[in-house]
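What follows is a short report on a single structure.
The values are calculated or read from the model by the stated rules, or taken from the named source; none is laboratory data. Every value quoted in this text rests on a predicted model; they were computed, and no experiment measured them. FYI the Cβ positions are ideal-geometry reconstructions off the backbone, even for glycines, and counts take in every protein chain you see.
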Ligand code: GLV
């Protein structure tokens with residue numbers, strides 16, 4: 001096998017090893033995918049200031065996110081169906097994250113359940129909540145996350161309704177996959193994946209199936225979300241969820257300074273500047289462009305995190321320079337997972353950590369506390385902030 005040196009290598013390997021339906025679920029955005037691609041390209045367009053002859057000994061990327069020690073300002077983002085990229089995917093990714101010293105966020109739409117991940121890990125992980133119409137179920141989910149000792153709740157606010165992803169519809173995305181001729185032919189060319197899936201009992205939405213009456217066949221993801229997710233979700237809901245949860249609360253999906261202010265008023269501990277990886281509002285601003293405006297609006301009063309387009313340590317550093325106290329990787333870890341399971345997630349984290357450490361050093365900084373907008377070339381930053 002070729003030596004894996006960057007996230008793109010993991011993506012290429014994952015594309016070969018994961019059935020098309022699940023690979024494309026990860027590697028796609030809504031409609032024209034303009035926001036999905038802008039998340040990456042806007043990060044790349046930001047230029048860094050090289051500094052030299054600075055003592056670079058004693059470097060550290062360690063910091064905190066919502067008061068929790070992290071080896072670098074990178075958490076594993078909640079992503080649906082991680083357990084379909086690789087058998088037992090959420091358990092493997094959670095283990096890789098805990099060994100590395102970064103938070104793992106389990107999605108409501110995971111394959112492995114909250115209890116299952118808790119039983120196979122040592123340290124607390126974070127739980128991401130989607131609000132569904134069945135509020136009793138949501139209350140039970142919150143209680144289950146508490147019982148599993150989850151150390152933060154990430155409440156997603158930007159998916160009351162689902163953006164159209166052409167490829168998911170064309171592939172009839174479902175979990176487990178329907179055994180149509182096309183799917184069978186495609187899966188036959190991924191024997192490693194098939195073997196893993198044949199060996200695990202974890203093939204359905206573990207937090208949902210068996211916990212909600214009448215749900216044992218969820219149809220396609222798009223149909224199920226349209227039926228179950230609550231389109232009425234509003235700021236009052238954030239209040240009761242905060243009260244019921246009682247712990248650290250992170251609000252995900254903020255792109256607008258007015259919403260950031262409402263998030264601050266709600267008493268949340270942090271917001272995640274996010275357009276859901278370009279999977280919801282196609283045409284929304286990239287996350288990195290939205291970040292400075294949100295930091296200016298609320299960053300002195302609450303932590304601002306960011307996701308969307310983070311494929312390298314350079315990207316993490318740019319987000320930190322623009323005021324993010326933490327970032328999240330979704331596709332970057334999913335590619336590692338699909339490519340090589342737990343080892344692949346570890347590799348993704350090592351790659352990003354190494355890039356972050358060295359790039360921070362090339363900018364003449366040894367600690368993240370020394371990283372701010374001054375490490376960015378003024379021209380580039382002015383262009384980003386003017387539109388952000
Ligand atoms: C969320 O579950 C998504 O598919 O983006």
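I'd like the residue in the stretch 126-172 that is under 17 Å from the mean Cα position of the chain (by Cα) and over 24 Å from residue 275 (Cβ atoms) and, out of all such residues, is farthest from the ligand (Cβ to nearest atom). For the stretch 126-172, the residue satisfying everything is 151. A Cβ distance below 6 Å, combined with a sequence gap of six or more or placement on separate chains, defines the contacts here; from the stretch 276-296, residues that are closer than 21 Å to residue 160 by Cα and modelled with pLDDT of 95 or more reach residues that are more than 16 Å from the ligand (Cβ to nearest atom) and in a helix (DSSP H, G or I) in the pairs 282/34; 286/38; 286/42. Within the stretch 169-187, residues that are under 18 Å from residue 111 (Cα atoms) sit with their Cβ atoms under 7 Å from residues that are modelled with pLDDT of 90 or more and part of a helix (DSSP H, G or I), at 6+ positions apart or across chains, in these pairs: 173/21; 173/25; 175/84; 177/21; 177/183.
Residues that are surrounded by fewer than 16 Cβ atoms within 10 Å (Cβ to Cβ), more than 16 Å from the ligand (Cβ to nearest atom), modelled with pLDDT of 90 or more and more than 23 Å from the chain's Cα centre (by Cα) occur in the stretch 225-232; there is at least one.
Being within 13 Å of the ligand (Cβ to nearest atom) and in a loop (DSSP other than H, G, I, E, B) is the filter here; which residues of the stretch 104-125 pass it?
We begin by selecting, within the stretch 104-125, every residue within 13 Å of the ligand (Cβ to nearest atom); these are 105-111.
Result: 107, 108, 109, 110, 111.
Considered as a group, the residues in the stretch 265-274 that are more than 16 Å from residue 67 (Cβ to Cβ) and more than 12 Å from the chain's Cα centre (by Cα) include one that is farthest from the ligand (Cβ to nearest atom), and that residue is 265. Please determine whether any residue of the stretch 122-136 is in contact (Cβ under 8 Å) with a residue 24 or more places away in the chain, in contact with a helix residue (DSSP H, G or I) (Cβ under 7 Å, 6 or more places away or on another chain), buried (at least 19 other Cβ atoms within 10 Å of the Cβ) and under 17 Å from residue 342 (Cβ atoms). Taking every residue of the stretch 122-136 in turn, at least one turns out to be in contact (Cβ under 8 Å) with a residue 24 or more places away in the chain, in contact with a helix residue (DSSP H, G or I) (Cβ under 7 Å, 6 or more places away or on another chain), buried (at least 19 other Cβ atoms within 10 Å of the Cβ) and under 17 Å from residue 342 (Cβ atoms).
Of all residues in the stretch 278-310, those satisfying the criterion of being in contact with a strand residue (DSSP E or B) (Cβ under 7 Å, 6 or more places away or on another chain) and within 15 Å of the ligand (Cβ to nearest atom) are 287, 307. Screening 247, 196, 277 for residues that are over 22 Å from the mean Cα position of the chain (by Cα) and surrounded by 13 or more Cβ atoms within 10 Å (Cβ to Cβ) leaves exactly one candidate, 196.
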